[in-house]
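Peer 1: Got a structure here, written out as structure tokens. Questions coming.
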Amino acid sequence: MALINLKDLLKHAKENQYAVGAFNVTNLGFIDTLIEAAVEQRSPIILQIAEVHLRYVDLEEIAPIIISAAKKVDIPICFHLDHGENFQTVIKAIRAGFTSVMFDGSHMPLEDNIAATREVTRIANAVNVSVEAELGNVGGEVIGEVAPIAHAASEEFFTNVGEAERFVKETGIDALAVSIGNVHGFYKGEPNLDFERLSSISKAVPIPLVLHGGSGISDDDFRKAISLGICKINFYTEMSAAAVARVKNYLINEKPDVTSIPDVIARAFEEVKNVVKKRLEVFGSKDMCAPEKTLCFSCTDTACSFTDPRLKPGATTFLYEDIVNEITDQVIANIKNK
Ligand code: 13P
């Protein structure tokens, strides 16, 4: 199946009550690591690049690499722009081949947020790119080398149920990011998610809901949030911190005399993979990519390996391109025989 847009991917997640993990890519090493983790778990996955992280990666240079990597595997991968703040960045992402974009106008007055988001949706949906937007405001962005500051959620920025209903209707977005006590980065104290509010938003809006600030939330809270309509979970800080801790341990305790940089970097991404594989399990998406599951029911790509009965459970080497070539050969043969 390879690349899929957010709308098609989350439709299945919503109907089957699981969430798809969305992990931030801030370096080339994340690409293969995240995809390998998802393939090993037979899980769909979202690779996302946040606009604030464009200081680490160039959007137009990294896009073809992600697209090419995604096309080599037989799991659905959504390629998403996270927290697009500028209209120009959103359009650049659409042109670069992202299958989904977030336009984050959550800091704007409601009317302005509605108008700007509606314009993005009109453009993106015209080329089959999905749109996520945020209402209320999830605070606590973490960027840079310093130790992340812990944040506490503030109720004044929580998503208002009535506004959410109106926002979704008037913008036509495909997924809504909510603020229910979640924050980006580390939490000050224990996260205290407002599940009652989440349940009310879920009843008021028909589209899949998104939980930002996944790091630090407990497995039980993730499961509860998923049962109340969360279909996409954004996750970054915890995997980054775990990778750094692993490298520190490697350099200080395991191999203090190491001089090979690829071996040091490999330790970091081993840890990222461990963390991500565990999250995919908790989010309930593990083993959703098997021929007997109906993950691809909404996909119109008839050349996809999922719809091909020849792909047995566990077989992972059957490439999209192989099937396209085979079907093309069959069509040519049929024409010749007529
Ligand atoms: P964390 O870094 O807190 O996991 O949040 C990631 C996120 O929400 C990206 O949009």
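Peer 1: Out of VAL57, VAL90, which single residue is in a helix (DSSP H, G or I) and within 16 Å of the ligand (Cβ to nearest atom)?
Peer 2: On the way: VAL57 fails: in a helix (DSSP H, G or I).
After ruling out the rest, the residue left standing is VAL90.
Peer 1: Then there's this: Taking the range 223-239 on its own, how many of its residues are closer than 23 Å to ALA50 by Cα and surrounded by fewer than 21 Cβ atoms within 10 Å (Cβ to Cβ)?
Peer 2: Matching residues across the range 223-239 total 2.
Peer 1: Still on this model: Can you find a residue in the range 14-22 that is over 21 Å from LYS71 (Cβ atoms), in contact (Cβ under 8 Å) with a residue 24 or more places away in the chain and either buried (at least 24 other Cβ atoms within 10 Å of the Cβ) or of a type in the set (Phe, Trp, Tyr) (or both)?
Peer 2: The initial filter retains those residues of the range 14-22 that are over 21 Å from LYS71 (Cβ atoms), namely 14-19.
Right, trim to in contact (Cβ under 8 Å) with a residue 24 or more places away in the chain and you get 14, 16-19.
With the extra rule that they be either buried (at least 24 other Cβ atoms within 10 Å of the Cβ) or of a type in the set (Phe, Trp, Tyr) (or both), the set shrinks to 18-19.
Scanning the range 14-22, I find at least one residue that is over 21 Å from LYS71 (Cβ atoms), in contact (Cβ under 8 Å) with a residue 24 or more places away in the chain and either buried (at least 24 other Cβ atoms within 10 Å of the Cβ) or of a type in the set (Phe, Trp, Tyr) (or both), so the answer is yes.
Peer 1: Checking the structure you have, find out if any residue of the range 52-72 is under 14 Å from the mean Cα position of the chain (by Cα), β-branched (Val, Ile, Thr) and farther than 14 Å from THR99 by Cα.
Peer 2: no
Peer 1: Same structure again: Select from the range 184-238 the residues that are assigned to a helix (DSSP H, G or I) and within 13 Å of the ligand (Cβ to nearest atom) and write down the one among them that is nearest to ASN160 (Cα to Cα).
Peer 2: Among those that are assigned to a helix (DSSP H, G or I) and within 13 Å of the ligand (Cβ to nearest atom), it is PHE222.
Peer 1: Only one of these is among the charged types (D, E, K, R) and either in a helix (DSSP H, G or I) or at positive phi (or both): GLU36, GLU134. Name it.
Peer 2: Matching residue, one of GLU36, GLU134: GLU36.
Peer 1: OK, next. Are any of the residues in the range 176-188 closer than 17 Å to PHE23 by Cβ, at pLDDT 95 or above and of a type outside the set (S, T, N, Q)?
Peer 2: yes
Peer 1: Also, quick follow-up: Out of the residues in the range 170-222 that are surrounded by fewer than 24 Cβ atoms within 10 Å (Cβ to Cβ) and among the β-branched types (Val, Ile, Thr), state the one that is farthest from the chain's Cα centre (by Cα).
Peer 2: Taking the candidates together, the pick is VAL205.
Peer 1: Of (1) closer than 23 Å to SER43 by Cα; (2) within 12 Å of the ligand (Cβ to nearest atom); (3) of a type in the set (Phe, Trp, Tyr); (4) more than 15 Å from the chain's Cα centre (by Cα), PHE269 satisfies all except one. Which?
Peer 2: Unmet condition: (2).
Peer 1: In addition: Could you check THR99 against (1) more than 15 Å from the ligand (Cβ to nearest atom); (2) closer than 21 Å to THR237 by Cα and say which number it fails?
Peer 2: THR99 satisfies all of (1) more than 15 Å from the ligand (Cβ to nearest atom); (2) closer than 21 Å to THR237 by Cα except (2).
One line per residue, one yes/no per condition, for (1) surrounded by fewer than 20 Cβ atoms within 10 Å (Cβ to Cβ); (2) of a type in the set (A, V, I, L, M, F, W, C); (3) modelled with pLDDT of 95 or more; (4) touching a His at 6+ places or on another chain (Cβ under 6 Å):
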site	(1), (2), (3), (4)
VAL244	yes, yes, yes, no
VAL247	yes, yes, yes, no
LYS255	yes, no, yes, no
PHE269	no, yes, yes, no
LYS277	yes, no, yes, no
LEU280	no, yes, yes, no
ALA290	yes, yes, no, no
PHE297	yes, yes, no, no
PRO313	yes, no, no, no
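Peer 1: One residue is enough: does the range 105-124 have a residue meeting the conditions closer than 14 Å to GLN48 by Cα and out of contact with any His (no Cβ under 6 Å at 6 or more places or on another chain)?
Peer 2: No - not one qualifying residue is present in the range 105-124.
The values are calculated or read from the model by the stated rules, or taken from the named source; none is laboratory data. Nothing here was measured: the structure is a model prediction, and the numbers come from that model. Here the Cβ is made from the backbone with ideal geometry for all residues, glycine too, and neighbour counts use every protein chain on show.
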